[in-house]
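Below is one structure, written out as structure tokens; comments come after it.
Every number here is computed from the coordinates shown, using simple stated rules; none is lab data. Not measured: the values here are computed from a predicted model. Note: ideal-geometry Cβ built from the backbone for every residue, glycine included; neighbour counts use all protein chains shown.
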Amino acid sequence: MDVRIKNYVGVALVASLAAFAIAGLWYVNAYSKSIDPSSLRSFSVVGEGKAVAIPDVARFTFEVITEGGTDLSALQTQNIDKANAAIEFIKSKGVKKEDIRTEAYNIVPRQEYFTCPLSDIRVPVSCPPPKIVGYTIRQTISVKVRDFAETGAIMAGVVDKGANSVSQLTFTVDDRTEVENAARKEAIAKAEAKAWELAAAGKFKVGRLISIYEQGEVPPMYYKEAYGRAFDVAQTAPSPELNVEAGSDEIIVSMTLTYEIK
């Protein structure tokens with residue numbers, strides 16, 4: 001009796017060990033696939049989604065450039081006064097404070113260099129260092145205009161208030177989230193449909209989604225031909241009566257989905 005019980009216990013133990021080993025192999029295999037999707041038989045599909053974006057913001061930059069002698073404090077005061085006058089004018093046209101930003105403020109010294117004679121080894125010649133004869137101050141300010149009807153008047157007005165150049169007029173969507181989401185949903189739907197079509201054609205089943213990759217396409221910014229260059233006081237300033245047309249653009253999003261093949 002004791003021998004038969006021992007045999008049963010031995011068989012049960014071997015069976016348990018075998019089951020444990022099989023479970024371990026299954027777990028290792030499943031885990032390796034989860035951390036290394038390339039170990040699966042898989043295929044990828046690409047879908048492209050488009051959504052029309054209507055620009056709601058006109059952006060441009062202007063510069064206030066002040067050049068003079070060595071009295072840096074006086075030059076800074078002149079530059080700040082002109083920039084502030086331009087900013088106050090922009091605000092008076094309905095532009096909010098948060099839509100006006102100083103992009104850069106640079107002070108560049110202008111130096112005078114001396115031409116020194118060639119030195120003789122026996123008679124060393126002392127050459128004076130460059131001398132600062134003045135400074136150039138350049139302040140760059142960017143502006144967002146949400147009322148396109150005021151764009152021409154604002155650009156012309158900042159020149160009247162002392163800006164030396166106006167450039168980089170562009171039209172864009174201030175918040176692209178909603179438009180991008182619409183394009184993304186369309187791209188995913190197209191990719192999913194393509195996956196099932198390929199599976200039907202290849203006579204296999206679509207498994208779980210392994211990975212998803214998005215590639216967005218940034219729409220080109222619109223540059224009006226009239227503002228393709230900077231305007232300075234010596235040139236014709238932008239006309240306040242100019243009608244600006246923002247047009248429209250397509251936001252394009254490409255989605256790549258990778259599925260397991262069953």
Listed by chain and number, the residues whose amide H is under 5 Å from that of residue 173, excluding neighbours fewer than 5 places away on the same chain and using placed H, are 56
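Arranged from highest to lowest average of other beta-carbon atoms within 10 Å per residue, in what order do the peptides 101-112, 191-202 appear?
Values: 101-112: 12.0, 191-202: 14.3.
Highest to lowest by the protection proxy: 191-202, 101-112.
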Residue-ordered couplings for the stretch 188-195, obtained by feeding phi - 60° into the Karplus form 6.51 cos²θ - 1.76 cosθ + 1.60 and rounding to whole Hz (Gly and Pro as x), are 5, 4, 5, 5, 4, 4, 5, 4
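Can you compute the FRET efficiency between residue 189 and residue 111 using 1/(1 + (r/R0)^6), with r the Cβ-Cβ distance and R0 = 45 Å? Round to the nearest 0.05. Could the numbers behind the result be given before it?
Working: r = 63 Å, r/R0 = 1.40.
The value I calculate is 0.10.
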Counting only backbone N atoms under 18 Å from a point 7 Å out along Cα-to-Cβ of residue 201, the residues of the stretch 46-66 in range are 46-48
In this structure, the FRET efficiency calculated for residue 215 and residue 67 from their beta-carbon separation, with R0 = 45 Å, to the nearest 0.05, is 0.45
Under 5 Å from the placed amide H of residue 164, counting only residues 5+ away or on other chains, we find 63, 64, 65
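Just list whichever of 50/93; 194/262; 131/161 have alpha carbons separated by over 28 Å in the model shown. Spell out each step's value before the answer.
Numbers: 50/93 35 Å; 194/262 16 Å; 131/161 33 Å.
Check vs 28 Å cut-off fails for 50/93; 131/161.
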